[in-house]
Amino acid sequence: MTAHTDTQGSVTTVYKVSGMSCGHCEGAVSGELGELPGVTSVKAVASTGEVTVVSDAPLEEAAVRAAVDEAGFELAGRV
C-alpha cells in the first residue's frame, strides 16, 4: 500500500486504474475522485495507469472504487 501522511496532515495515496488511455480518461477519473469528501487534489496519468490522490484523511476504498467505476474505469488497487 502506498499511502503516507504528509507534514501538513494530508494523506497521499497512489491507485492503479485500468483502462485509461488518453487525457479525456485522466479528466474523467480525476473529476469523479475530486468530488469525494476530503479530496484536495488528484493527478491521473493514463500512460502508467496511476492516480495520485491527496486527501485530508485516508479514503474508504469502496468510495474510491465507486468513483472510478462512475468514470467508466476499473480500480485495480493501490500501488
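The values are calculated or read from the model by the stated rules, or taken from the named source; none is laboratory data. On a predicted model such as this, the values are computed, not experimentally measured, just so you know. Note: ideal-geometry Cβ built from the backbone for every residue, glycine included; neighbour counts use all protein chains shown. Note: areas computed on protein heavy atoms with side chains; ligands, DNA, RNA excluded. Shrake-Rupley method; radii C 1.70, N 1.55, O 1.52, S 1.80 Å.
Entry remark, region 51-79: residues being without any contact (Cβ under 8 Å) to a residue 40 or more places away in the chain and either of a type in the set (Asp, Glu) or part of a helix (DSSP H, G or I) (or both) number 9 in total. For the residues Glu70, Glu61, Glu26, Glu74, the requirement of being over 12 Å from the mean Cα position of the chain (by Cα) and either on the phi > 0 side of the Ramachandran plot or among the charged types (D, E, K, R) (or both) singles out Glu70.
Exactly one residue among Thr13, Thr40, Thr48 is touching a residue at least 24 places away in the same chain (Cβ under 8 Å) and open to solvent by 40 Å² or more (accessible area, probe 1.4 Å), and that residue is Thr40. Residues in region 67-79 that are touching a strand residue (DSSP E or B) at 6+ places or on another chain (Cβ under 9 Å) and modelled with pLDDT of 95 or more were compared, and the one that is farthest from Glu26 (Cα to Cα) is Ala76. Contact map, region 21-35: first residue crowded, with 18+ Cβ neighbours inside 10 Å, second residue of a type in the set (Asp, Glu), Cβ cut-off under 6 Å, separation 6 or more or different chains; pairs are Glu32/Glu70.
Taking region 1-47 as the region of interest, the strands (runs of 3 or more DSSP E) fully inside it that hold 2 or more residues being at pLDDT below 95 are 3-5.
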